[in-house]
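Report on the following structure.
Computed from the coordinates by the stated procedures, all read-outs in this text should not be read as laboratory data. Quick caveat, the model's predicted, so the values are computed rather than measured. A quick note on method: Cβ atoms are made from the backbone with ideal geometry, for glycine too, and the neighbour counts reach across all protein chains shown.
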Amino acid sequence: MSDEKIYDVLVVGGGVAGIAAALESARSGLHTALVEKTILWGGLATSGLVPLYMPLCDGKGQQVTFGIAEELLELSIKYAPGHIPAGWLDERQEEYDKRYKELYPQGRLENRYMTIFSPVAFAWALDKVLEESKVDMWLDTLACKPTMVGNKVTGVEVENKSGRIPIKASCVIDASGDADIAYRAGAPCGEQRSYPSFLYQYTSLALAREAVEKKSARRLVTYRVVGANEWGEGYKGGERKYAATNGKDVTAFIMESRKIAREEMARKQELGGDTSRENIYPATLPTMAQFRMTRRIVGHEMVYTNHCNQYSENSIGLIADCRKIDAVWEVPYGSLVPQKIENLLVVGRCASAEGYAWQVTRLIPAAALTGQVAGIAATLAVQNRTSPDKLDVKNIQKVAQSKGFVLHI
């Protein structure tokens, strides 16, 4: 085993949540390590080819999510086509109710503070911002298991080409997406299985013609989703669901999901003409499993479905639903703090949420928000030589508000 490394804050997982946590911690002056098992930052947004930066607004012209979440939204379109709808601030709710509610009962995205982005270009932008913030980056590095003293997490053993390396930290943040560190430390968790689903990018002669006509490469490569949707509907391969926390299930999920996409594309290509293999084909495949929800902690508090548009005394920020208008949740700090474990914060899609609310907390804005708040909490914990679960939430709220956060609806 290689010599141990020592940091103020260790963030496990380089997706959007982990990046936000590491940026906040490093910018606050703490020696911060960010460990990522792949070679791209961004998680599902980049390696997973999910090119939708969901809304930071409530759909009625009111921004609800701020801070690094907004910074990353702008970075997602820094090096490639993409735009924020010019009319997102227009309060046209009455017009929407009259003309579109029956056609689009889940709401509209065209007038939301959001964007479609290029995952590859977003990855480049994340490289730059992490370098500028002096985060100590560990790519191609797998987090293996937490090191413990009693019920306190003191670090994580990682492994890469250098071998097994113990990393110690005054505070650890689990942004793994699957609560891997929390689970292996003994924290109570809940899990969900999934039907196969696949999002990939493709290009075609028709898209090329459109790009030439519009003098824009924005849709030269676009995306297609096959298999089950977020409600588990649309998969016709049987009743088998797959667990993202089981190694063989992950392989089976990926192979079945790719098979569905491959067979659909082959059917199109066999038609010939503009859909022949010369004129339409896959451009990019995801390099990580595209599970929507997998495992999450049972925290000291939880984001509940029926708490939509309700006040939470311990709120550390707001997140909006991308599918519905005027549906906002206040995220309580305790949803980032696992039960029974000290010195650990859990962020992103593996924070504590249930039911439909989990569908909201898994999205990019919520991941960025919870990540930044974890960075704030870790900074306060290190500065005061305490554990995140022992912090006074009012101090976290005060710092969040100083950074422009709105805490209550």
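Dividing the helix sum by the residues of the chain, where each DSSP H run of 4 or more adds -39500 (n - 2.57), gives a mean residue ellipticity at 222 nm of -9000 deg cm²/dmol. Hydrodynamic analysis of segment 228-371 uses the Kirkwood radius over alpha carbon pairs. Inserted into Stokes-Einstein at 25 °C and 0.890 mPa s, it gives a translational diffusion coefficient of 139 µm²/s.
Note on residue 278 and residue 160: the model spin-label points, each 7 Å out from Cα along the C-beta direction, lie 4.6 nm apart. Between 0 and 90 degrees, the angle of helix 119-132 with respect to the longest Cα principal axis of the chain falls at about 30 degrees. Axis of helix 205-214 versus longest Cα principal axis of the chain: the two differ by about 90°, to the nearest ten degrees. Computed extension gain for residue 395 through residue 236, at 0.36 nm per residue and net of the alpha carbon distance, reaches 52.2 nm.
If both residues of a DSSP beta bridge must be in the chain, then about 65% of such bridges are antiparallel. Placing unit charges on the Cβ atoms only, positive for Lys and Arg and negative for Asp and Glu, gives the chain a dipole magnitude near 620 debye about its Cα centre. Nearest-5 percent of antiparallel DSSP beta bridges in segment 197-284? Close to 100 percent. Think of the chain as a dipole: +1 on every Lys or Arg Cβ, -1 on every Asp or Glu Cβ, centred on the Cα centre; then among 194, 83, 172, 194 lies furthest on the positive end. Here the mean projected area of the convex hull built on the C-alpha positions of the chain is 20.8 nm². Averaging 1/r over every pair of different alpha carbons in segment 108-258 and inverting the result gives a Kirkwood radius of 19.7 Å. Annotation: amide H of residue 157 within the under-5 Å range of 144, 145, 147, 167, sequence separation 5 or more or interchain, hydrogens built in the peptide plane. Under the criterion of Cα pairs below 8 Å and six or more residues apart, the relative contact order for segment 197-284 equals 39 percent.
Modelled label positions at residue 148 and residue 136, each set 7 Å beyond Cα in the direction of Cβ, lie 2.5 nm from each other.
Placing pseudo-labels 7 Å out from each Cα toward the beta carbon at residue 408 and residue 74 gives an inter-label distance of 2.9 nm. Pairs from the table (5/403; 248/390; 134/398) lying more than 28 angstrom apart at Cα are 5/403; 248/390. Footprinting exposure proxy ranking of 271, 49, 10, 205, fewest other C-beta atoms within 10 angstrom first, gives 271, 205, 49, 10. Normalised by the number of residues in the chain, the average gap of Cα pairs under 8 Å and 6 or more apart makes the relative contact order 23 percent. Fewest neighbouring Cβ atoms within 10 Å first, the residues 250, 346 line up as 250, 346. Helix 247-269 and the long axis of the chain differ in direction by around 20°, with both axes built from C-alpha atoms.
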